[in-house]
Amino acid sequence: MTDQENPGPEKIIPYEGLHEIRDRLANTLLVCTAFFGAPVIFISFLCFNRVGSASIIAVHLFVYLFSVLMACYRKKVSANTKYLFITACAFIIGILSILKWGIFGTGIVYLIFLSILITFFYGTEKGVIFTGINLIILITAAVLFNSGYLHYAFDINNFSSDMLAWASVSSVYGLFTLVVIGSIGRFLISMSANYEKLASKTADLSKTKEQMVHEIDLCRQTEIALRESEERFRTVLENLPCGVSIHDLERRHLIMNEETCRVKGFSREELTRLTVMEIAGPSFNKNYDAVKLWKDLEPGKAVRFDAMTQRKDGSLYDSEVHLSKIMLNGRPVILSLVFDITERKKIEASLALRAELERLVSEISSGAVGISYKKVDDYINNAVMSIGRKTGADHAYFSLYNARRETLELVSEWSLDNTVIPGFEKEMKVEQELTWFTRMIRSQNVVHIPDMDALPDEAQKEKVYFKSRGIKSLLILVLRQGENMIGFLGFDNLNKKKSWSEEEIVILRIIGETFTSVLYRKQAEKEEERLKAQLSTALDIAHLGPWELDIENQEFSFNDHFYRIYQASAEEVGGYKMHFDEFRQRFVHPDDYFILDEVQRIFQAPGAPRTSRFEHRILYADGKTGHVMVQVSQVKNNKGVPVAAYGVSQDITEWKLAQERLLESEEKLARSRKMESLGLLAGGVAHDLNNVLSGIVSYPELLLLDLPLDSRLRKPIETIQESGYKAVAIVHDLLAIARGAAMVKEPLNLNMIINEYLDSPEFTALSNNNPGVKFHSDLENGLFNFNGSAIHIKKVVMNLVSNASEAIEKTGNVTISTCNRYVDRPLRRYEDVNIGEYIVLSVFDDGPGITPENLDRIFEPFFTKKVMGISGTGLGLTVVWSIVQDHRGYIDVKSDKDSTRFDLYFPITRDELVGKVSTAFLGDIKGKGELVMVVDDSASQREISGRMLEALGYNHIDFSDGEKAVKYLKENSVDLILLDMIMSPGISGRETYERISGFKPGHKSLIVSGYSETGDVMAIQKLGAGAYIKKPFSLETLGREIKKELAK
């Protein structure tokens, strides 16, 4: 029976009592006063202000404010409090009005209103009493006004104020008030009696109604019972949660319920026309022999089995079938109960999956305990694969943000059959293009999309994007740490749609949090190991070894870093503990024992410092000596007694050696700077001498061209020319000393130069002058070539051999040798030799060696132990040093009391030798009137160059500075420029050519100078300038180079 059929007894709503009516009246008065009191106060202020009644206004305002407060909190204030407040306010305002205006004010009205309120709130008796009190107050006020004790607050002359007026008003007030309160009291008494009668009648009616409802219920129950009895079989049949059908032994349907029709998809008429076998479907007929099954059934024994049953539309569903044979109308029939267990199968599968996931969670959690961070990646990969397989996903992945939370990094990924699932494109702005997906990720902990087709309209971009990747369903678990999103655990389904249950999601979230915990632990362990490695590396790099000393027991505690300093190990010395005396004997140099004793004495003295630093020599395990710096700090107990010391020893052996090398390098640098300064001085002098010697060398050559062969002046002029060449040779020595002098370098073979020198007249003269000296040569076959200036290298060989022979006092041997040498590590020699491939020129003599005090000065200009002007000028070795430096080579000198050996290192080249150019006849190098521009700051040099150009058949135009030459070439043209490199004042030769190249790039030019920076020469040659000719130059040299430049 439903509630509608049997509503039951209605709830009786009680009537309001007298107390509730009084409380409602009090609330109404308070609310009205709160709403309408403000304009009343305003009007009272306008009226009372004219008669000076500020006290009345103040009382009115006080009453209004408290009325507002009482109205706001009326539900919390008790009824008696509200009654008392309202009557008190009326009484106070009435009394004040009577005392101000007597019977002419509103006081009478307030007193009438007060009597009515008291009657209503407290009863008729109290109303009558209070009315009497009010009459006494009126009579007292009348006596006071008439006797002059009280005065009216207005002009009383306009009104009658005698006792008769007061008596009449008091009488009217008393009679009127008694009538009103009497009526109200009678009304209240009557209403109270009626209320009691009404409550009694209501209770009687309620009981009567309950009896009637009970009787009606009994009737209805009887009626329903009769109906149920009649239709019990049909009701049970139709409401069973399974398909029920009865069919005969010929398998024709006799009776079926609605559930059978619904599940099968047939109507009752269709089922009546079909047999059981026709609707069972091929799956049932294939798995079961229906004829045998029906035959084997026995009355009273049911048969149960599970089967796949077919619906009308051909779909299959899981069913549980119960068959039993019963008797109906005297004949046997088959009762069939078919339960649709599809949902049960799903639940069972879900429970099985949950059990598998819980087992997997247990395995994953237990596998994470104590796992090494090196195995974490394999652990997560295997776990992700297992989860993907267990849950039936086609793609599973686990991603975390990097340490700075800038990019999402894929930690692990698995896909069924190794299917490649494309991720977000690198150039794709996910937050801007997939806004719905981004919002879901940020706002929720789970993004579950069981069906891509069911996405809302605002997610159409997401639907297109995910479906283009073949994703039909997805689940993303957002992993958070506090409020921060730290990563995702995601699953995609490609083959079919999938909906994840809440239990599965909870379990997967636990797995994701386990992964996160393991990864953060891995990061922490890696960071800890990295920091330990960094600390260990830092200690090794800094050669630091910490230690601890127990002062009371005089026992050291060391670690491996400490032992590495001493090139020992704990196994070799017997552990990490060692007594102080053993340490000193094993590792401290005996000569430095006093240092440790002194440190101990200082620490033991009163007021000793807590920290100290000192150095001492140490003994390595192999017996060699090193140096350490020790920083030590002592710890005292509460009595101020040292109990322990902590220290760090730093191996400063390399630093000590570096200091020594630095001092040595500073000495070499000072020597090199000194040589460079002297070279600059010599170069400057040589440059000026070159300009002077140009006339001495060039003019005799020009004069000889004009003199007949039998002229008696030819011999003196040739002598002048020879003397000039000798002077030029001296200047060349000075230029060789001046590092930076331009020299033409080409591939040379040192053996060829040495052989040429040994066959030269200079060597023959040297041998004749030193008959007691025997010269030997040991030249290596297959010697590499090197880039150099042949004339300068020949000068080096000649000076070294000459110097060696002159060092032998009577008889001795001088050996000249060459070899190829590869330096695989820097050599510390007289000059340090860097790594590289070199050819080495060695000159050895067995004469008295060079004393150590003179060894550092042998390359200084004019330093010699020979007689100046007879056996040397003191420039020989200086020239050698300068030429070797210009060839980027190195010099090593070894000398003792019985011999001296000079080794010169030159970097090799694999370029082939350049063939010699045959000397041309003057007729072959003459020009054909081409115009040559001569730019030189020296007037004499311009004149010499002009005379030589005329002799060679060229026209020429001369300029003393580069600016004039540039200006001329902007408007005119020449065939070739003969350009001096150093010009003062004005711009240099390099700047001149650079300006010319600005409007005539690659103009044919020859560079001439006696001294110039090699960098300047090479710079303008890169711009297109031709060969470099050193001053002073011969007529043949000038003519040949002009011919070669013009022929380009």
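The values are calculated or read from the model by the stated rules, or taken from the named source; none is laboratory data. Every value quoted in this text rests on a predicted model; they were computed, and no experiment measured them. We place every Cβ from the backbone using ideal geometry, glycine too, and count neighbours over all the protein chains shown.
In region 776-787, the residues that are assigned by TED's automatic domain parsing to the domain that holds F763 form Cβ pairs under 6 Å with partners that are assigned to a strand (DSSP E or B) and aromatic (F, W, Y), at six or more places apart or across chains, as follows: F786/F906.
Applying a threshold of 7 Å to beta carbon distances and a minimum spacing of six or more residues, or different chains, the list of pairs starting in region 801-814 at a residue that is more than 12 Å from S767 (Cα to Cα) and ending at one that is part of a helix (DSSP H, G or I) reads N803/G876; N803/L877.
Inspect region 497-509 for any residue being in a helix (DSSP H, G or I), within 14 Å of A393 (Cα to Cα) and over 34 Å from the mean Cα position of the chain (by Cα) and give the result as yes or no. Yes, region 497-509 has at least one match. Looking across region 991-1029, the residues that are farther than 19 Å from K970 by Cβ and part of a helix (DSSP H, G or I) come down to T1014, G1015, D1016, V1017, M1018, A1019, Q1021, K1022. What residue, among those in region 337-377 that are within 44 Å of the chain's Cα centre (by Cα) and charged (D, E, K, R), is farthest from C242 (Cα to Cα)? Checked region 337-377; the qualifying residue farthest from C242 (Cα to Cα) is K374. Within region 966-992, residues that are assigned by TED's automatic domain parsing to the domain that holds L1038 sit with their Cβ atoms under 7 Å from residues that are in a strand (DSSP E or B) and among the charged types (D, E, K, R), at 6+ positions apart or across chains, in these pairs: G989/D980.
Filtering region 650-672 to residues that are assigned to a helix (DSSP H, G or I) and at pLDDT 70 or above leaves T653, E654, W655, K656, L657, A658, Q659, E660, R661, L662, L663.
Has region 43-61 got any residue that is modelled with pLDDT of 75 or more and in contact with a Phe, Trp or Tyr (Cβ under 9 Å, 6 or more places away or on another chain)? Yes - at least one qualifying residue is present in region 43-61.
Against the list (1) at pLDDT 75 or above; (2) farther than 20 Å from G330 by Cα, the condition K286 fails is (1). Residues in region 984-1021 that are surrounded by fewer than 23 Cβ atoms within 10 Å (Cβ to Cβ) and aliphatic (A, V, I, L, M): I987, L1006, V1017, M1018, A1019.
Evaluated against (1) in contact (Cβ under 8 Å) with a residue 40 or more places away in the chain; (2) of a type outside the set (S, T, Y); (3) surrounded by fewer than 20 Cβ atoms within 10 Å (Cβ to Cβ), M933 falls short on exactly one condition, (3).
Of all the listed residues (I441, I471, I486), the sole one being in a loop (DSSP other than H, G, I, E, B) and under 22 Å from V411 (Cβ atoms) is I471. Selection of first residues in region 506-518 that are polar (S, T, N, Q) and of second residues that are at pLDDT below 80, restricted to Cβ pairs under 9 Å at least 6 apart or on distinct chains, gives the following pairs, ordered by first then second residue: T514/V361; T514/I364; T514/S365; T514/A368; T516/L400; T516/Q481; T516/I486; S517/A368. Within region 392-412, the set of residues being buried (at least 18 other Cβ atoms within 10 Å of the Cβ) and at pLDDT 80 or above comprises A393, D394, H395, A396, Y397, F398, S399, S412. Candidates are the residues of region 936-953 that are in a helix (DSSP H, G or I) and either in contact with a helix residue (DSSP H, G or I) (Cβ under 6 Å, 6 or more places away or on another chain) or more than 15 Å from E1036 (Cα to Cα) (or both); the one that is modelled with the lowest pLDDT is S940.
Of a type in the set (S, T, N, Q), more than 27 Å from G788 (Cα to Cα) and at pLDDT below 85 - does that describe any residue in region 956-971? No, because not a single residue in region 956-971 is of a type in the set (S, T, N, Q), more than 27 Å from G788 (Cα to Cα) and at pLDDT below 85.
Would you mind listing the strands (runs of 3 or more DSSP E) fully within region 303-369 where at least 1 residues are touching a Leu at 6+ places or on another chain (Cβ under 8 Å) and on the phi > 0 side of the Ramachandran plot? Ranges flagged: none.
Okay, residues lined up against (1) of a type in the set (D, E, K, R); (2) within 46 Å of the chain's Cα centre (by Cα); (3) assigned to a strand (DSSP E or B); (4) closer than 19 Å to D591 by Cβ:
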site	(1), (2), (3), (4)
S612	no, yes, yes, no
E615	yes, yes, yes, yes
M629	no, yes, yes, yes
V635	no, yes, yes, no
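Residues in region 299-325 that are touching a Lys or Arg at 6+ places or on another chain (Cβ under 7 Å) and basic (K, R): 2 in all.
One residue stands out in region 221-276 among those that are in a loop (DSSP other than H, G, I, E, B) and acidic (D, E): the one that is modelled with the highest pLDDT, namely D248.
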